[in-house]
Amino acid sequence: MVINIAAGSVPDAGAAFASLTAADRSGTAEVKDYRVRAGDTLGGIARKHGVSVGALQAANGLGESTRIRPGQILSIPSMH
C-alpha cells in the first residue's frame with residue numbers, strides 16, 4: 001500500500017501512522033463470512049453488518065447488477 005501525504009498537511013505523520021491498527025497499516029482488514037439466506041438483499045446484509053453496499057460489493061467482486069443466491073458465501077469487511 002502506498003500512502004501519499006502532502007507536505008505540511010499532517011503535523012506529525014509518524015504519530016498518525018502509529019495510531020493506525022496493524023490491519024490498517026498492512027492494508028488488510030478483518031473479514032467474516034456470511035451465508036446468504038432466502039430473501040436477503042445486499043442492502044439488508046450491509047445494514048445488518050454496518051458496512052456500505054459498495055464495500056460489500058468490492059469485497060466480493062460483485063458488480064452493480066450481480067444477484068446473490070441463497071447458500072452463497074459473502075465476505076463481510078470490517079469497518080473500523
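For beta carbons closer than 8 Å, sequence separation of 6+ or different chains, a first residue in the range 50-71 that is closer than 22 Å to residue 38 by Cβ and a second that is of a type in the set (D, E, K, R) and not in a loop (DSSP other than H, G, I, E, B), the qualifying pairs are 71/35.
Restricting attention to the range 44-80, and to residues there that are β-branched (Val, Ile, Thr) and part of a loop (DSSP other than H, G, I, E, B), which single residue is farthest from residue 31 (Cα to Cα)?
By that ranking, first place goes to 66.
The single residue among 27, 50 that is out of contact with any helix residue (DSSP H, G or I) (no Cβ under 9 Å at 6 or more places or on another chain), modelled with pLDDT of 90 or more and at positive phi turns out to be 50. Screening residue 5 against (1) surrounded by fewer than 10 Cβ atoms within 10 Å (Cβ to Cβ); (2) at pLDDT below 90 leaves a single unmet condition, (1).
The values are calculated or read from the model by the stated rules, or taken from the named source; none is laboratory data. Not measured: the values here are computed from a predicted model. All Cβ positions, glycine included, derive from the backbone under ideal geometry; neighbour counts span all protein chains shown.
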